[in-house]
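The next block holds one structure in the form of structure tokens; read it before the comments.
No value in this document is a laboratory result; all are computed from the given coordinates. Since the model is a prediction, treat every value here as computed from it, not as a measurement. Glycine gets a Cβ as well: all are built from the backbone with ideal geometry, and neighbour counts include every protein chain shown.
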Amino acid sequence: MADKIYDLIVIGAGPGGYHAAIRGAQLGLSVACVEVDDGTGNGGIGGVCLNWGCIPSKSLLKNAEVVNTFKNAEEWGIDVGTWNADISKAIDRSREVSKTLTQGITYLFKKNKIDLIKGKGTLISSTEVSIDEKEILTTKNIVIATGASAQGLPGLEIDGKLILSARHALELRERPEKIAIIGASAIGCEFAYYFNSYGSDVMMFELLNHLVPKEDEDISIELEKQFNSQGINFITEASVEKVSINDKKIHLTYNTKTEKKEYICDKILLGVGVKPNTENIGAENVGIQLDNRGFVKINEYMKTNIPGVYAVGDVTGKLPLAHVAFDQGIVAAETIANKESNPIKNYTDMPRCTYCQPQIASIGITEKEARELKIDYKIGKVPFQVAGKSVAIGESSGFAKIIIDNENSEIIGAHIIGPEATELIAEIGMLKFLEGTNFELHKLTHAHPTLSEAIKEAGAAITGEAIHF
């Protein structure tokens with residue numbers, strides 16, 4: 001193998017890496033993918049997403065949803081008697097789900113004749129990759145797909161025992177009595193829902209003025225209302241001052257605008273962002289440019305400043321979502337193979353999803369951003385109650401909100417909170433991809449009864465044509 005010259009070596013087998021490898025092989029390139037699992041779970045085929053992120057967390061959230069259904073069984077006319085929700089068995093199920101899907105990636109590598117090389121890959125030059133400092137592989141092109149890892153806070157470093165990352169929370173087999181979650185973006189809100197479902201006392205701390213602070217403000221307000229009704233506690237505009245351990249309990253001191261208070265808990269989960277895995281990958285050996293946060297700089301074709309070296313996924317810092325990495329990997333592979341590809345210039349129009357209940361999904365810009373950009377815009381906003389199916393299935397809370405540019409009627413933003421929001425957002429994504437307008441959205445016949453009718457009605461509401469609202 002040492003004498004072989006590959007067309008492409010991918011460093012990292014996460015979402016971006018395995019997409020780049022498989023697409024490259026489909027296009028006739030000779031491909032190797034280098035992957036290391038250092039025992040922390042932050043590696044392995046499928047990367048964090050399949051092993052310790054997207055997939056196992058959605059498995060646990062489904063468990064939480066089922067638990068909540070049992071809690072409210074009487075509403076459905078069902079008497080379940082005595083029952084128990086075993087959080088450790090939920091973890092077992094999530095691990096099986098993860099194992100199934102990672103085995104699927106292994107099969108795809110074999111099917112596409114991709115050499116899977118286990119070890120730590122380090123760039124020696126723009127055409128050489130060292131494996132565990134024992135072997136050097138030669139290649140014409142390199143894709144860096146080393147991902148990112150959970151970010152700690154000053155004085156609050158992740159230890160995996162008391163101070164947890166999402167990765168540690170995904171294998172926590174004993175329910176904490178009280179847990180503090182610092183950061184109220186997607187990860188924080190998903191775990192707040194999960195632990196609350198299993199009976200933990202949850203307290204969320206967010207530095208900014210709303211939960212899910214990057215979402216449209218209307219979405220944040222609705223989530224706060226629904227989390228309140230679920231018994232999930234949260235404090236916004238709160239900064240953590242210090243943490244101390246006393247009698248195996250964590251004493252968390254925090255400041256609000258008006259006072260300093262203490263919260264005592266068993267665990268702390270940090271959901272405050274990620275840092276790039278660019279240390280010790282050999283970027284300095286090649287002269288690859290990093291930004292001031294350490295992420296690899298790329299252009300719309302995933303090219304770095306070094307010819308023949310590309311980067312995809314979370315290590316680029318563009319938008320740390322698996323589906324973004326999927327598309328980046330494909331663009332990189334197609335560019336390397338000299339095939340026509342769709343460059344990624346606009347990350348605002350990538351869908352963004354949060355999988356707590358209620359689900360949240362958005363694409364494009366928020367209403368606040370439309371105002372700041374001085375866009376002449378209109379909005380249509382309708383509650384899910386307009387869709388009869390939402391009432392029938394007992395999930396009528398939430399709304400769909402569509403924002404259009406008033407000059408050309410093109411949809412510039414869509415924001416959904418409610419049942420299956422993460423599935424419904426695809427319709428808006430397709431419409432935006434085809435440069436469609438609000439006319440197409442609300443004139444297209446939507447099946448009845450479906451949740452998608454709420455999207456149609458939101459579009460119709462913009463022009464005063466909504467029938468059910």
Worksheet item: In the neighborhood of Ile181, defined by Cβ-to-Cβ distances under 13 Å, what is the net charge if each Lys or Arg adds +1 and each Asp or Glu adds -1?
Response: -2
Worksheet, complete the sentence: Here Rg/Rh (Cα, Kirkwood) for the range 371-469 equals 0.96
Response to the item:
Per the C-alpha gyration tensor (a ≥ b ≥ c, the square roots of its eigenvalues), the chain is rounded if a/c is under 1.5, else prolate if a/b beats b/c, else oblate; here it's oblate
Worksheet item: For Leu108 and Lys58 in one chain, what is 0.36 nm times their gap in residues minus the Cα-Cα distance, to one decimal in nm?
Response: 15.7 nm
Practice prompt. Tabulate in residue order the Karplus-calculated ³J(HN,Hα) for the range 275-287, using 6.51 cos²θ - 1.76 cosθ + 1.60 with θ = phi - 60°, rounded to whole Hz; enter x for Gly and Pro.
Written response: 10, x, 8, 10, 6, 6, 9, x, 4, 6, 5, 9, x
Practice prompt. Please turn the phi angles of the range 79-85 into ³J(HN,Hα) values with the Karplus equation 6.51 cos²θ - 1.76 cosθ + 1.60 (θ = phi - 60°), one per residue in order, whole Hz, x for glycine and proline.
Written response: 9, 8, x, 7, 8, 9, 9
Worksheet item: Using modelled backbone amide H atoms (1.01 Å from N, in-plane), which distant-in-sequence or interchain residues come within less than 5 Å of Thr450's amide H?
Response: Lys389
Worksheet item: Are there GluC sites (Glu not before Pro) in the range 319-416 that DSSP marks as loop and that have at most 12 other Cβ atoms within 10 Å, and which are they?
Response: Glu340, Glu407
Worksheet, complete the sentence: Checked the range 287-335 against the a/c 1.5 cut and the a/b vs b/c comparison, axes a ≥ b ≥ c from its Cα gyration tensor; verdict oblate
Worksheet item: Expressed as a whole number of Å, what is the distance separating the alpha-carbon centroids of the range 314-384 and the range 420-469?
Response: 18 Å
Fill in: the range 54-185, Rg to Rh (Cα coordinates; Rh as Kirkwood inverse mean 1/r)
1.11
Response to the item:
For Ile136, the net charge from surrounding residues (Cβ-Cβ under 14 Å; K, R +1; D, E -1) works out to -2
Practice prompt. Show the residues, 5+ positions off or on another chain, whose built amide H is closer than 5 Å to the amide H of Gly413.
Written response: Ile365, Ile403
Fill in: Loop trypsin sites (Lys or Arg not before Pro), the range 29-129 (other Cβ atoms within 10 Å of the site Cβ: 10 or fewer; DSSP)
Lys113
Practice prompt. Could you work out the relative contact order of the chain, using alpha carbon pairs under 8 angstrom and six or more residues apart, expressed as a whole percent?
Written response: 15 percent
Fill in: Base-10 log of normalised Debye intensity for the range 292-448 (one unit scatterer per alpha-carbon) at q = 0.15, 0.17, 0.18 Å⁻¹
-0.91, -1.06, -1.12
Practice prompt. Please list the non-local residues whose amide H lies under 5 Å from the amide H of Ser149, H modeled 1.01 Å from N, same-chain partners needing a gap of 5 or more.
Written response: Lys275, Asn277
Worksheet item: Does the range 1-102 come out rounded, prolate or oblate, given a ≥ b ≥ c as the square roots of the eigenvalues of its C-alpha gyration tensor, rounded meaning a/c under 1.5 and, failing that, prolate meaning a/b above b/c?
Response: prolate
Discussion item. Quick one: the Cα spread of the range 128-179 along its three principal axes, in angstroms, biggest first?
Written reply: 54, 27, 20
Worksheet item: By average Cβ neighbour count within 10 Å, what is the ranking of 48-54, 152-158, 383-389, 204-210 from highest down?
Response: 48-54, 383-389, 204-210, 152-158
Practice prompt. With only alpha-carbon atoms counted, please give the Rg and Dmax of the range 86-149, in Å.
Written response: 16.6, 51
Practice prompt. Can you tell me how much longer the chain between Gln151 and Lys297 gets when fully stretched, taken as 0.36 nm per residue apart minus their C-alpha distance, in nm with one decimal?
Written response: 50.6 nm
